[in-house]
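This report refers to the structure that appears directly beneath it.
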Amino acid sequence: MIENVLAARTRYLTVVIEDIYQPHNASAVIRSCDCFGIQNIYFIENKNKYHINPKITMGATKWVSVQRFTPTPTDNATAQSIYALREKGYKIVATSPHHKTVTPANIPIDQPLALFFGNEKEGLSDYVIQHADHYMYLPMYGFTESLNISVSAAMIMKALYERITLEEEKITWQLTDEDKNELRLDWLRKSLKKSDYIIDDYYKNHRH
């Protein structure tokens with residue numbers, strides 16, 4: 001089971017949540033990340049700190065890498081996140097119903113994408129909008145302007161994951177062997193009783 005999940009995991013797409021304040025929404029996004037093969041999710045905590053709702057995540061926090069950006073005396077958390085993700089080679093994607101440039105169906109996928117989602121009331125900050133490389137929206141066909149953040153995130157993740165996995169000959173979306181080894185070890189520790197003893201014994205018997 002672990003090997004199958006590792007083979008389907010990706011860091012080519014990553015999710016960033018800015019100042020979300022309803023724990024059930026944030027927890028639902030983490031659960032969707034796990035379901036759709038996305039390994040990393042980042043929380044920007046300028047105003048609101050994310051608290052896990054275990055009834056919603058259903059254990060997904062064990063399998064997904066959750067990281068946080070918090071303000072410093074010189075930088076707000078949003079600026080930190082954009083700088084850090086750009087350094088890792090990501091294009092910054094602002095998701096918004098008000099800035100309609102690309103959809104999940106036509107956004108360029110030749111480079112890794114960091115998908116930014118805003119909070120329930122205000123959406124994304126002006127800083128993200130000003131520094132984004134792409135502006136993504138989901139086409140709506142009813143009277144309501146937008147979906148709940150957790151629903152939007154799930155739909156976008158699923159659509160983009162399906163696109164990148166179909167482009168296997170053109171892009172490398174899979175985890176590296178080093179990433180797989182690190183995650184395998186982490187997941188085994190979280191899954192097995194007396195895991196440290198088993199892992200130590202394994203390395204002791206497999207040393208060259």
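The values are calculated or read from the model by the stated rules, or taken from the named source; none is laboratory data. Just so we're clear, the structure is a prediction, and the values are computed from it rather than from any experiment. In this analysis, Cβ positions are derived from the backbone assuming ideal geometry, glycine residues included, and neighbour counts consider all displayed protein chains.
Worth a mention:
- Here V102 qualifies as surrounded by fewer than 18 Cβ atoms within 10 Å (Cβ to Cβ) and among the aliphatic types (A, V, I, L, M).
Conditions tested, residue by residue: (1) over 25 Å from N181 (Cα atoms); (2) at pLDDT 90 or above.
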site: A8; (1), (2): no, yes
site: R11; (1), (2): no, yes
site: I17; (1), (2): yes, yes
site: N25; (1), (2): yes, no
site: C33; (1), (2): no, yes
site: N48; (1), (2): yes, no
site: N53; (1), (2): yes, no
site: T57; (1), (2): no, no
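- The test for being crowded, with 20+ Cβ neighbours inside 10 Å, within 17 Å of the chain's Cα centre (by Cα) and over 29 Å from W187 (Cβ atoms) does not hold for I44.
- Segment 24-61, residues that are assigned to a loop (DSSP other than H, G, I, E, B) and in contact (Cβ under 8 Å) with a residue 24 or more places away in the chain: F36, G37, Q39, E45, N46, K47, N48, Y50, H51, I52, N53, M58
- Whichever residue in segment 11-35 is among the hydroxyl-bearing types (S, T, Y) and over 10 Å from the mean Cα position of the chain (by Cα) and, among such residues, is surrounded by the most Cβ atoms within 10 Å (Cβ to Cβ): S27
- Residues (touching a Phe, Trp or Tyr at 6+ places or on another chain (Cβ under 8 Å) and among the hydrophobic types (A, V, I, L, M, F, W, C)) located in segment 130-155: A132, I149, A153, A154
- Any hit, segment 4-22, residues being closer than 21 Å to L188 by Cβ, among the hydroxyl-bearing types (S, T, Y) and touching a residue at least 24 places away in the same chain (Cβ under 8 Å): yes
- Any hit, segment 82-98, residues being free of Cβ contacts under 8 Å to residues at least 12 places away in the same chain, closer than 21 Å to L183 by Cα and within 18 Å of the chain's Cα centre (by Cα): no
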